[in-house]
1. Kindly identify the stretch 148-282 as rounded, prolate or oblate by the Cα gyration tensor criterion: order the square roots of the eigenvalues as a ≥ b ≥ c, call it rounded if a/c is under 1.5, otherwise compare a/b with b/c, prolate if a/b is larger, else oblate.
2. Once a ≥ b ≥ c are taken as the square roots of the eigenvalues of the Cα gyration tensor of the chain, is the result rounded (a/c under 1.5), prolate (a/b larger than b/c) or oblate (a/b not larger than b/c)?
3. Local charge sum around residue 30 (other residues, Cβ-Cβ under 12 Å, Lys/Arg +1, Asp/Glu -1)?
4. Bins of 5 Å, beginning at zero and ending with the bin holding the largest distance: percent of Cα pairs per bin for the stretch 317-357, please.
5. Once you list every other residue whose beta carbon is under 10 Å from the beta carbon of residue 127, what net charge do they have if Lys and Arg are +1 and Asp and Glu are -1?
6. Among the lysines, which fall within straight-line cross-link reach of residue 305, defined as a Cα-Cα distance under 20 Å, with same-chain neighbours fewer than 8 residues apart omitted?
7. Among 305-316, 113-124, 23-34, what's the highest-first ranking by average C-beta atoms within 10 angstrom per residue?
8. Please list, in order along the stretch 242-251, the HN-Hα scalar couplings obtained from phi with the Karplus expression 6.51 cos²θ - 1.76 cosθ + 1.60 (θ = phi - 60°), rounded to whole Hz, x for Gly and Pro.
Amino acid sequence: MRSLISILDFSVEELDQLIATAEDIAAHPEKYWDACKHKKLATLFFEPSTRTRLSFEAAMLELGGSVLGFSEAGSSSAAKGESVADTAKTVSNYADIIAMRHPKEGAPYVASRAATIPVINAGDGSHQHPTQTLADLLTIHRELGRLDNMVIGLCGDLKYGRTVHSLIEAMSRYEGISFVLISPKELMLPDFVRVGMLDKHHIPYTEVTSLEGAIAQLDVLYMTRIQRERFDDPAEYERLKDSYVLTAEKMEAAKKTMAVLHPLPRVNEISVKVDDDPRAAYFRQTHNGKLMRMALILKLLGEAKENPLREAIDTDGWVYDKVCRNPKCIVQTEQELPHAAKMAEGAYRCVYCEQKV
Ligand code: NCD
């Protein structure tokens, strides 16, 4: 049995296979109508969501399964102080697979170590969002016909935007990829992705502040929202919130074949006028997310049937004497969870949130 916590849990071949399954589902939905009959998906959402939760639920319903769960922490026993591990153990008795979103980084990972059913990370704090990446991969593949040899621009909040982190990790493993990282200085890509992925694998990238200056060279433009809820200082959010707005005028300088993606929700960073441009792929992207979540549920439930036992945790190289100071890490709130770190790219990093300790 496996879980999906980071996009790196899947090989490139497995990602390609998920895309092939999603395309087959799109072409022959009736083949899958009963694929998950009598199976239940639990959606444990401790943070707001529209697309991710509803597309998971739609995915399971279209596979003939059913869904249960909650959509805010206040209506779960977390409000009474229950740990993530206890919630995961309990829900394992009611469902066959869990999709969890949590404000604390590393929470779905902690859940996956306690659950006896597969756990899917549906977004953990500012850390990772691997199922949005599945939607992004299918979208890029459908829009451009390939996943290799392209220049990808990521624009906006690269610091707190978890979708950006997972997408860079995924795309870095395809041939001929380079990135243009477009952000204000305050919201640049965190080093667990920049050093841990881009530098480590010698992936070419540039860090710039101007969208206008970069747009002409891009094959994909991935716009993101400035993540208001992650800022400690509301004044800093106010100062940065209008950093980028993609307009129809700016689109004139872009390639005719460029695809514009956005994980949504949009605030004001893409003008509504851009929606009519054939290159605007972000609403098609939401449909693709449902198809990829169907493929993912099929894969994880199929693997759990083959091998119901949880994979052993590989604690090779872990040390327990370094303290994680990230206030948004699950280690700060989960009962009796020991701090743990491992060496990566010349620094000890927390095993839950990947921040330097
Ligand atoms: C994203 C998220 O939750 O990280 N939304 C989504 O899942 N489609 C992006 C965002 O909230 O800005």
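The values are calculated or read from the model by the stated rules, or taken from the named source; none is laboratory data. None of the values given here were measured: they were computed from a predicted structure. Cβ placement follows ideal geometry from the backbone for every residue including glycine, while neighbour counts extend to all protein chains displayed. These accessible areas exclude ligands, DNA and RNA; they are computed on the full protein's heavy atoms, side chains included. Shrake-Rupley method; radii C 1.70, N 1.55, O 1.52, S 1.80 Å.
1. Working: a/c = 1.78, a/b = 1.03, b/c = 1.73.
Oblate, since a/c reaches 1.5 and b/c is not below a/b.
2. Values: a/c = 1.58, a/b = 1.20, b/c = 1.32.
In terms of gyration-tensor shape, oblate.
3. Values: positive: 31; negative: 24, 34, 62.
Combined, the nearby Lys, Arg, Asp and Glu give -2.
4. So the P(r) values, bin by bin, are 6, 30, 36, 20, 7, 1.
5. Numbers: positive: 104, 162, 328; negative: 105, 124, 354.
Summing Lys/Arg as +1 and Asp/Glu as -1 gives 0.
6. 31, 37, 39, 40, 89
7. Values: 305-316: 9.7, 113-124: 24.3, 23-34: 12.5.
Packing proxy ranking, top to bottom: 113-124, 23-34, 305-316.
8. 9, 4, 9, 9, 7, 10, 4, 5, 5, 5
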